[in-house]
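Before any comments, here is the structure.
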Amino acid sequence: MITISTDDALYSNIKSLPHNEVGVLLGTSKYSRQGGVNDHYRLRLNAALTLYQAGKIDYILISGDNATRYYDEPSTIRRDLLKLGVPPERIYRDYAGFRTLDSVLRAHHVFDLENFTIISQAPHNQRALYIARNHDIDAIAFNAGEGEASDLTNKTREILARVLAVMEVHLLNKGPKFLGPQIEIGVTPPT
């Protein structure tokens with residue numbers, strides 16, 4: 001159901017991707033459980049940079065977990081995007097993107113985005129788009145690439161996350177954990 005209902009809004013070819021002012025870069029851990037840089041992390045950063053440089057997005061909203069002072073996805077990703085040459089005034093951080101549902105709904109409600117481009121891997125993008133569409137948000141998604149084959153843990157996690165997304169959208173009417181004051185990208189100074 002999630003795959004079929006979101007297929008028309010997924011893009012892998014940058015040339016066919018429409019422009020949106022903001023790309024919502026979904027957070028992930030920089031390091032893998034096996035050690036070294038997480039392939040999904042590297043691919044998402046490269047995709048965001050490519051979209052920015054190609055003029056497909058004007059700003060990057062990094063949405064991720066900031067649960068402890070030792071684990072801060074938005075700040076880690078921001079540092080790496082700055083090293084890649086993205087100007088600081090083009091990067092915003094959402095520290096309360098604890099889950100995909102939070103990231104998508106906060107982009108709409110807190111950052112006042114009616115439409116945006118989600119940046120992640122294809123299965124994650126499909127789930128994020130499903131959440132967006134069922135909340136009347138006009139989002140599209142750019143697939144950052146899968147990298148090396150995902151392990152069984154990642155595949156199992158995605159299946160369970162999809163079941164939870166369907167339940168939250170249709171049965172539980174779940175919202176984000178936190179909302180907060182509105183931030184207008186391009187007007188409010190970057191967070």
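Determine which lysines satisfy two conditions relative to residue 30: a Cα distance under 22 Å, and not lying fewer than 8 residues away in the same chain.
83, 155
For the range 41-61 and the range 78-133, write down the distance between their C-alpha centroids in whole Å.
After rounding, the separation between the Cα centres reads 11 Å.
Quote the convex hull volume per residue of the chain, based on C-alpha atoms, as a whole number of Å³. List each step's numbers first, then the result.
On the way: hull volume 22.4 nm³, N = 191.
Convex hull volume per residue, Cα atoms: 117 Å³.
Could you please state how large a percent of the accessible area of the chain is carbon and sulfur, counting protein chains only and using a 1.4 Å probe? Show your work: numbers first, answer last.
On the way: 5120 of 9560 Å².
Exposed carbon and sulfur together represent 54 percent of the surface.
Would you mind getting the accessible area per residue of the chain, heavy atoms of the protein chains only, 1.4 Å probe, in Å²? Kindly include the intermediate steps, with their values, before the conclusion.
On the way: 9560 Å² over 191 residues.
Result: 50 Å² of accessible area for each residue.
Starting from the amide H of residue 143, placed 1.01 Å from N in the peptide plane, find each other amide H under 5 Å away whose residue is 5 or more places distant or on another chain.
For residue 143, whose amide H was placed from the backbone, the distant partners under 5 Å are 11, 12.
For 56, 15, give me the order by solvent-accessible area with a 1.4 Å probe, most accessible first, ignoring ligands, DNA and RNA. Before the final figure, lay out each step's value.
Working: 56 40, 15 175 Å².
From most accessible down to least: 15, 56.
Excluding ligands and nucleic acids, what accessible area in Å² is computed for residue 52 using a 1.4 Å probe, to the nearest 10?
Spelled out: residue 52, probe radius 1.4 Å, area about 60 Å².
More than 24 angstrom separation, counting every C-alpha pair in the range 1-114; what % is that?
Tail of P(r) above 24 Å: 25 percent of Cα pairs.
The values are calculated or read from the model by the stated rules, or taken from the named source; none is laboratory data. Note that the structure is predicted; figures quoted are calculated from it, not measured. Note: areas computed on protein heavy atoms with side chains; ligands, DNA, RNA excluded. Shrake-Rupley method; radii C 1.70, N 1.55, O 1.52, S 1.80 Å.
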